[in-house]
1. Given axes a ≥ b ≥ c from the Cα gyration tensor, I'd like to know whether region 208-252 is rounded (a/c under 1.5), prolate (a/b larger than b/c) or oblate.
2. So who's got an amide H within less than 5 Å of the one on Tyr90, skipping anything under 5 residues away but keeping other chains? H placed 1.01 Å off N, in plane.
3. Grab the other residues whose beta carbon is less than 15 angstrom from that of Arg104, score K and R as +1, D and E as -1, and report the net.
4. Listed here are the pairs Lys124/Lys225; Lys81/Lys107; Lys61/Lys88; Lys88/Lys276; which of them are more than 20 Å apart at the Cα?
Amino acid sequence: MIKNSMRTVFLMALVGLLFLLVGNAVGGQTGMVIALVFALSMNAFSYWYSDKLVLKMYQAKEVTRDNAPQFFSMVEELAQKADLPMPKVYVIPQQQPNAFATGRNPKHSAVAATQGILQSLSEKELRGVMAHELAHIKNRDILTQTIVTTVVSAITLIAQFAIFLPIGRGGGDGPNPIVLILTLILAPLAAAMLQAAVSRTREFEADRVGAEICGSAESLASALKKIQTSVERMPMQASESTQRSTAHMFPVNPFSARGMSKLFSTHPDTNLRIEKLMAMEKTGSYS
């Protein structure tokens with residue numbers, strides 16, 4: 001737990017340092033402030049309303065104890081074990097087995113599962129997946145992701161400002177063209193790599209906490225294996241923009257069958273996650 005938390009803090013610090021270096025080199029203080037204000041504005045909206053937006057994107061329907069008694073009761077029991085308020089529960093009309101959690105904090109949270117995952121996983125495996133999603137809520141990973149996304153967005157904006165506005169530090173009538181080119185290409189790439197690394201670290205931690213909540217690392221490992229196999233056979237149906245903005249939310253990237261560089265992958269290798277979970281199961285330790 002401490003190791004994963006420290007790694008997350010370290011990666012977030014690197015993102016912040018990259019922002020300061022890029023802003024100072026290209027935009028100066030003025031460019032940094034402008035970019036950060038824009039990024040904060042964009043992502044503040046996302047932080048407060050992303051749950052409603054993503055649920056609408058996937059046409060998720062809220063369910064209750066009346067129309068989905070087993071699933072609702074399962075989430076309720078796991079939320080109690082995790083010492084969390086009861087989240088809203090949704091079902092997504094997609095056949096690929098997958099799930100996600102959303103909401104700005106534990107008091108305003110929701111979990112969603114596809115029809116496919118409800119039909120294809122055993123009860124123990126489904127408990128493992130839903131515990132993983134509740135772990136994201138418990139760990140406040142949405143807040144972490146929003147902070148990192150804000151800074152990454154600001155870095156990208158600074159690089160874009162450098163092309164159109166004479167705010168660089170290169171002297172003369174405008175920014176140094178070499179600095180501009182390098183910043184435009186390398187800074188957003190580096191920021192995206194760090195953002196993906198933070199996401200991967202949080203997935204490992206959600207696996208650990210999820211296994212602790214449901215009391216079975218093996219159940220989650222088995223579920224991840226089934227989901228990965230299904231993803232490779234039937235990628236989830238969604239627009240390109242939806243893919244880019246939501247892939248990190250699922251326990252297994254629902255679009256991975258369409259290819260993605262490992263450097264920018266929002267998820268660790270599934271086989272590695274399974275190995276770690278089985279090691280936890282063998283030792284009986286989730287620390």
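Since every read-out is calculated from the coordinates, none of them should be taken as a lab result. Keep in mind it's a predicted model, so treat the numbers as computed, not measured. Using ideal geometry, Cβ is built from the backbone for each residue, glycine included, and neighbour counts are taken over all protein chains shown.
1. Numbers: a/c = 4.88, a/b = 1.80, b/c = 2.71.
Oblate shape, in that a/c is at least 1.5 and b/c is the bigger or equal ratio.
2. Excluding prolines and chain starts, which carry no amide H, the hits are Val63, Val111, Ala112, Ala113.
3. Working: positive: Lys52, Lys88, Lys107, Lys138, Arg140; negative: Asp51, Asp141.
My count for the surroundings of Arg104 gives +3.
4. Details: Lys124/Lys225 14 Å; Lys81/Lys107 16 Å; Lys61/Lys88 10 Å; Lys88/Lys276 30 Å.
Over 20 Å Cα-Cα: Lys88/Lys276.
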